[in-house]
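The values are calculated or read from the model by the stated rules, or taken from the named source; none is laboratory data. Note that the coordinates shown come from a computational prediction; the quantities given were computed from them, not determined experimentally. Heads up, the Cβs are rebuilt from the backbone with ideal geometry, glycines too, and the neighbour counts pull from every protein chain shown. Please note that ligands, DNA and RNA were not included when accessible areas were found on the heavy atoms of the full protein model with its side chains. Shrake-Rupley method; radii C 1.70, N 1.55, O 1.52, S 1.80 Å.
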Amino acid sequence: MLRPTRTLRTAALAGVTAVSLFALTACTGTAGGDASGAAAGSDSVTMGIQPWLGYGPWYIAQEKGYFGDEDVDVTITNFTNDADMSAAFASDRVQLANVASHSALQLVEQGLDISIVLLLDASLTADAILTDGSITDVADLAGQRVAFEEGSVSNLLLGYALGEAGLSLDDITPVPMDPSEAATALIGGSVPAAVTYEPYISEARKATDGFEIIYTAAENAGLISDVLIVDNDYLDEHPDIVQKVVNAWGPAVEFYRSDTDEARGIIAENVGSDVEALETAFDGVEFYSLEDNKTVFPGDYLQTVLPSVEDVATQIGLLKGGADLTSLVDTRLVEEAP
């Protein structure tokens with residue numbers, strides 16, 4: 001999320017991790033050509049993504065040909081951390097990007113002229129603070145080494161959790177690293193606590209008994225949510241292409257809901273894990289269909305969730321605050337989607 005290689009202690013996790021490493025280090029995957037069914041000469045666009053379950057419907061759109069149905073050729077480019085994808089987006093190496101809500105606000109503060117055009121998902125239990133069992137409460141993180149990706153959703157979740165416990169980030173010893181590396185550090189015993197997301201949570205718990213989840217994003221539903229962003233110059237020049245991409249999200253989420261087992265298999269393969277290991281992880285993510293977007297996106301998300309995200313991120317120093325949220329959220333494509 002503006003989601004995120006490892007040496008593992010156990011052979012049980014090594015096989016899954018080898019698949020994860022392949023998925024994370026592969027630079028691009030094309031959703032055009034034969035895979036998408038898009039005809040030669042179709043509109044084309046590059047989308048930045050990370051190995052996060054919440055972005056999974058894009059892989060379904062790729063595999064099931066929903067991009068092709070819209071006559072758009074989408075090249076999906078994978079990144080392992082927020083900084084790399086933000087840099088690629090800022091330099092126009094990708095025109096669309098899947099990011100956390102607070103990451104979109106960070107990009108605005110960095111001077112990028114963007115719009116949020118689609119609400120993708122909200123994480124409930126799929127983002128969490130995980131410990132080796134020696135720490136059973138957020139308050140006990142005081143003075144401890146905690147691995148997490150600075151500036152990311154993990155940073156946001158940790159800051160909020162610490163604040164709820166009467167602490168701040170100044171009360172812990174930060175150990176900055178990518179989400180996958182944070183899980184590895186916990187498995188290897190170099191830190192007693194880590195903040196990460198699925199599939200790394202499930203992989204870590206599978207690797208070693210005794211790990212404990214002490215806090216999840218469900219404590220503030222919507223705090224960890226993801227959106228599709230686009231550069232406004234690109235949106236002005238190619239509104240039809242962005243519309244086609246947004247349209248493809250609809251049948252992908254519908255397929256997930258109607259053919260859940262197959263859909264989860266597609267997503268698990270693309271994030272580098274297996275369905276069995278991610279069963280509880282999938283249950284911890286809520287996908288928003290296009291129909292949901294028509295009401296939730298201009299309603300609860302814009303009016304309540306996004307302001308709350310900005311407030312929390314500002315309190316813990318990730319944002320300065322004061323963004324024009326109404327102009328940032330562009331609901332036109334959702335409204336015009338089938």
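For region 146-205, the set of residues classified as closer than 21 Å to residue 104 by Cβ and of a type in the set (A, V, I, L, M) consists of 153, 156, 157, 158, 195, listed by residue number.
For region 177-201, a residue qualifies if it is buried (at least 22 other Cβ atoms within 10 Å of the Cβ) and among the polar types (S, T, N, Q), and the qualifying residues are 180, 184, 196.
The rows are residues; the columns are (1) modelled with pLDDT of 90 or more; (2) crowded, with 18+ Cβ neighbours inside 10 Å; (3) farther than 15 Å from residue 199 by Cα.
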| site | (1), (2), (3) |
| --- | --- |
| 4 | no, yes, no |
| 26 | no, no, yes |
| 60 | yes, yes, yes |
| 77 | yes, yes, yes |
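Counting only helices (runs of 4 or more DSSP H) wholly contained in region 217-320, the ones carrying 1 or more residues that are touching a Lys or Arg at 6+ places or on another chain (Cβ under 9 Å) and more than 13 Å from residue 120 (Cα to Cα) occupy 239-258, 260-271, 279-283, 306-315.
Condition check ((1) β-branched (Val, Ile, Thr); (2) touching a Pro at 6+ places or on another chain (Cβ under 6 Å)) across all residues:
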residue	(1), (2)
153	yes, no
156	no, no
159	no, no
165	no, no
174	no, no
178	no, yes
195	yes, no
201	yes, no
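In region 178-216, the residue that is nearest to residue 149 (Cα to Cα) out of those that are part of a loop (DSSP other than H, G, I, E, B) and under 16 Å from the mean Cα position of the chain (by Cα) is 178. Of 336, 269, 291, 276, all but one fail to be more than 20 Å from the chain's Cα centre (by Cα) and modelled with pLDDT under 95; the exception is 276.
The residue of region 66-94 that is farthest from residue 48 (Cα to Cα), among those that are assigned to a strand (DSSP E or B) and in contact with a Phe, Trp or Tyr (Cβ under 9 Å, 6 or more places away or on another chain), is 73. Pairs linking a residue in region 105-121 that is under 16 Å from residue 47 (Cβ atoms) to a residue that is open to solvent by 10 Å² or more (accessible area, probe 1.4 Å) and of a type in the set (D, E, K, R), with Cβ atoms under 7 Å and 6 or more positions apart or on different chains, are 114/231; 115/330; 116/330; 117/330; 121/286. Residues of region 273-314 that are touching a strand residue (DSSP E or B) at 6+ places or on another chain (Cβ under 7 Å) and open to solvent by 50 Å² or more (accessible area, probe 1.4 Å): 286 alone. Residue count for region 205-224, restricted to those that are among the hydrophobic types (A, V, I, L, M, F, W, C) and surrounded by fewer than 23 Cβ atoms within 10 Å (Cβ to Cβ): 6.
Only one of the listed residues (111, 143, 166) is farther than 23 Å from residue 300 by Cα, open to solvent by 10 Å² or more (accessible area, probe 1.4 Å), modelled with pLDDT under 95 and not hydrophobic (A, V, I, L, M, F, W, C). That residue is 111.
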